Amino acid sequence: MLEASLPRLRDERPLFVGLRRLRRNPVTLSGLVIVLVVALLAVFAPLIAPYGPQQGNAAATLQSPSWSHPFGTDSIGFDIFTRTIYGGRLDLLIAFGAVGIALAVGCAFGAIAGFFGRVVDEVVMRLMDMLSAFPSFILALGVVAALGPSLPNLIFAIALVNVPVYARLLRARVLTVREAQYVRAATALGLPRLRVLLVHVLPNSWAPIFVQSTLQAGYAILEAAGLSFIGLGIRVPRAEWGVMINSGLQYIVSGQWWITFFPGTAIALTVMGFNLIGDGLQDVLDPRRR
Amino acid sequence: MSDAILQVDDLVKEYRVRVGGRRAVLHAVDGVSFEIARGETVALVGESGSGKSTTALCILRLEEPTRGRVRFDGEEVTGRSAASLRPLRRRVQIVFQDPTESLNPRRSVGDTLREPIEWHHLAEGAAARARVGELLELVGLQPGHARRYPHQLSGGQRQRVCIARALATNPSLVLLDEPTSALDVSVQAQILNLLNELQREIDLTYLFITHDLGVVRHLADRVLVMYAGQIVEAAPTATLFERPLHPYTRALLDSVPVDSPSERRLRAVPKGEPYSPLDPAPGCRFAGRCPWAAEECEAPVELAPAADGHLVRCTGWFSRRVPEPRREAIAS
Amino acid sequence: MTAEPLLQVRGLATWFETPRGIAKVLDGLDLDVGRGEIVGLVGESGSGKSVTAYSVVRLVRPPGSVVAGRVLFEGRDLLSLPEGQMRHVRGKEISMIFQDPRGYLDPVARVGNVLNEIYRTHEQASRKEAKARALELLRAVGLPAPERVYRAYPHELSGGMAQRAMIALALACSPKLLIADEPTTALDVTIQIQIVRLLAELRTQLDLSILLITHNLSVVAEVCDRVAVMYAGEVVENGAAREIFESPRHPYTVGLLRARPRIGTVEEKLADIPGRVPDLLELPAGCRFHPRCFLADDRCRHEAPGLRPLMPDHVSRCHYAERVQEDAA
């Protein structure tokens, strides 16, 4: 009745399928490349940067881009190029850190609310409602203002603001996946509820989370830059894109455009990179799409 | 009585719903009682709204019954905590209708089959993997299929995997909810033959839920016909097909399309739609569509014996208003 | 069949682009539907029967496209019409009904409104005329309370009622050909027979031709005049319904007929067809059915059979069509 020996099929473990699809998806790939480049530059900053991030040079202030200073210098003589690369460290750290924490906490809440339902669901979601009642920037502002502007507080504030997003997203997915026939089958087999949640429900609920995360990473950078810009985040003289934009603002009028331009472009490029990844990720992650 | 592997007593499942702004109670299963003997194949037949699938889910407590009692092999299934059901779940299994939806798309066939084996502590590691290979061969697949993912298999193969999964824990009773409805005709035949063979090889009892009378004729020893949440007729298969008593059973049999153009016949096409019992009237629920309906049908009616092993829920039958079924209406 | 067929499909080829290559779902299909005839197009999944229907009315969307062939409807080739004219054909000359009526009806539109709209699009009619026609149609399809259905939304209707409503929609402008794609598959048995009989009646009353697409051979046996059996994108047998059922001339048809669990006879073991439907991107060489065929030999493995006439009006795509009857035992 059947083939004598099974033909060797391609490896169809979800990870490998995802990677294969990735190769074919130019949008996601380009986003990945951008983010990777920014990340690599940030990680290897000490090796790449020609100067120190806080190495001032009173003799070379406000210099336009040249061979010795590819992105120019600012009013203290800091090399913009160096600071842009180093700024990536902080901003990426904030992005990954804040999103990571928000994801972990938010998903835990969302999964529990969606899976166990009823009272648990109500309690958790009202909590989330309270958090999301505030406009995100204002909430982050409030937290940082209350706790003091430091890097950990900044990450905490941005994470807090994003927790409800993940909670809601995952809860919605879990509610749907929970009704799937294969979840019912798992229950019929006598598997304990926790296992059903962890092994069957959650892995099939991740996909929108990943997509959302990439977009959130972009927002996180904008929020961090925004907060730093108004002085509540990273402070001068540390290198961070928002800070740099702030310090360069007054010089735009007098023609020294490069002080804000390069960090601004860095933000735009990085956020775009994340967005591009997010765009194509949905397709890449779904094992059923052929 | 003592050889009954499943006993269902007065099973009731109600859903509270809102219909057009009004609150109502949907009586999906409304007092179903029956027994299945070891080794039997019993078919639960009905159309949409009959409650047949809900009955199966309630037996397994995948839906919680509103009232009623279910006993498996003498042990209580209802009236105990969900957690304490786990050892029972090893012995009663279910195969669902849609094999694609019933398999986790992210797990390989091997993972899916090993899960129940390991979780019920039947085998571990290499022994478990060997058992997976055995199961695959049992359902007509090859051990190499363990590495495949559901989307790499055809519909028929997926259903075989679902059957293998149901058999992984060596159950004594298997519920099958329309196991072949989602499959092509030629594949249906393969799966039905497989189910037949398995029953002979392994000593299984089947409760088949289906609307396909051909399948019933082919596989079942006994048939329970359900309409609007109640059993309206119960009889051994051959008897039901040769002498259907309940007007609904007759309509059902008469609705089956012919096997070949030469058998085309004039038929009284049943009128109306299958009944979904929302706050049903106390009397017979088929009366609105029944050619022999009368005033006495408004009174509640119970399932009663019409002949040896043949039960029917019809006032008109016992009061002689409903005549003997005509032979030529059913192919013999 | 002396009169010219209403629909003549010749050499229809519809191909789909997939990441793995081009799937030639249809590759040279011939099919006829006569006036007032009910033709059954039977096949399992992957046979291409639905694609055939969509190709005829030019509703095939990318990644699929009709690449070759002629679809002659009353002598006119539909495939060469500009889209504007094709729109006039759809709904007015050729209509379609589908498997799940509630999935194809606009959930926020009342049935009556949709009926009116269709009627008034193709005919110049006033609202009153359209409404009268709508109610007449709803009655004609056997709905007991046409006024209620007229005002109803699709989700308020049961499966059977919705299918009747869909048939009414399809008949609004008195088409000559109705294409029914699995119209009863999603319905209960007792409703299925009602719909099937309704289609037969409508054929007689309105001199309507029907192309009935289904995988259910019994439904075909119930109402069809002629049957075309499809396998892997090709018609493998075509003839009068009685002929096909009583003396099938293709091993696949034989297999399908015997694989049905029937009420009339009880066999110990159902005759199944071993193997499964081929992947359209990796079709077997020679006859597409040969890996599963009880008659296959070397010739079948290398030479693809063409559609041969065996008797007037009965064709089969099999080298050994004459032997099918004896060997089928």
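Just so it is clear, none of the values below were taken in a lab; they were calculated from the coordinates. Remember, it's a predicted structure, so these values are computed and weren't measured experimentally. Please note: Cβ atoms are built from the backbone with ideal geometry, for glycine as well, and neighbour counts cover all protein chains shown.
A few points about this structure:
- Applying 1/(1 + (r/R0)^6) with R0 = 25 Å to the Cβ-Cβ distance of A:ILE230 and A:LEU269 gives a FRET efficiency near 0.65.
- Cβ crowding within 10 Å ranks A:ARG235, A:ARG83 as A:ARG235, A:ARG83, fewest other Cβ atoms first.
- Measure of compaction for chain B (Cα Rg per 2.2 N^0.38 Å): 1.05
- Using C-alpha pairs below 8 Å separated by at least 6 residues, the relative contact order for chain B is 20 percent.
- Total formal charge among the other residues, if their Cβ is under 11 angstrom from that of C:GLY233, Lys/Arg +1 and Asp/Glu -1: +1
- Pairs over the 29 Å Cα-Cα cut-off, from the set C:LYS128/C:LYS176; B:LYS13/C:LYS269; B:LYS52/B:LYS271; B:LYS271/C:LYS269; C:LYS49/C:LYS176; C:LYS92/C:LYS131: B:LYS13/C:LYS269; B:LYS271/C:LYS269.
- Two-site FRET efficiency, B:ASP203 against C:GLU156, from Cβ-Cβ distance with R₀ of 45 Å, rounded to 0.05: 0.40
- Per the Cα gyration tensor, the protein assembly as shown maps to an equivalent ellipsoid with semi-axes of 59, 36, 30 Å, ordered largest to smallest.
- Our compactness index for chain C, the C-alpha radius of gyration over the empirical 2.2 N^0.38 Å, is 1.04.
- Take each residue in C:190-198, count the other chain C-beta atoms within 10 Å of its C-beta, and the mean is 6.
- Which of A:SER136, A:LEU22, A:GLY117, positive extreme of dipole for chain A (C-beta unit charges): A:GLY117
- Cβ-based exposure ranking for C:GLU222, C:GLU83, in which fewest neighbours within 10 Å come first: C:GLU83, C:GLU222
- Peptides B:183-196, C:282-295 ranked from most to least packed give B:183-196, C:282-295, packing being the mean of other C-beta atoms within 10 angstrom over each peptide's residues.
- Span-rule helices in chain C, defined as complete DSSP H runs reaching 24 Å or more along the axis (Cα) with Kyte mean at least -1.0: C:189-206
- Sequence ranges A:190-198, B:164-172, ranked by mean other-Cβ count within 10 angstrom, highest first: B:164-172, A:190-198
- Beta bridge orientation in chain C: antiparallel %, DSSP, nearest 5: 60
- Relative contact order for chain A, counting Cα pairs under 8 Å that sit 6 or more residues apart, in percent: 26
- Centre-to-centre separation between the Cα atoms of segment C:158-178 and those of segment C:198-230: 15 Å.
- In the protein assembly as shown, the calculated helix contribution to ellipticity at 222 nm averages -13000 deg cm²/dmol per residue, counting -39,500 (n - 2.57) for every DSSP H run with n ≥ 4.
- Shown for B:LYS271, C:LYS128: other C-beta atoms within 10 Å of each C-beta, ranked fewest to most, produce the order C:LYS128, B:LYS271.
- All other residues whose Cβ lies under 14 angstrom from that of C:CYS173 are scored, Lys and Arg at +1 and Asp and Glu at -1, for a net of +1.
- Evaluated at q = 0.20, 0.23 Å⁻¹: base-10 log I(q)/I(0), Debye formula over Cα of segment A:152-281: -1.09, -1.24
- For chain A, hydrophobic long helices are taken as DSSP H runs at least 15 Å long by C-alpha position along their axis with mean Kyte-Doolittle hydropathy of 0.0 or more; these are A:26-43, A:80-116, A:118-132, A:136-147, A:151-178, A:207-229, A:241-252, A:258-285.
- Here the relative contact order of chain C, from alpha carbon pairs under 8 Å that lie six or more residues apart, stands at 20 percent.
- Where the Cα pairs of chain A fall when distances are cut into 5 Å bins, in %: 1, 6, 10, 13, 14, 13, 12, 10, 7, 5, 4, 3, 2, 1, 0, 0, 0, 0
- DSSP beta bridges in the protein assembly as shown [antiparallel fraction, %, rounded to 5]: 65
- Per-residue average of Cβ from other chains inside 10 Å of C:279-288: 0
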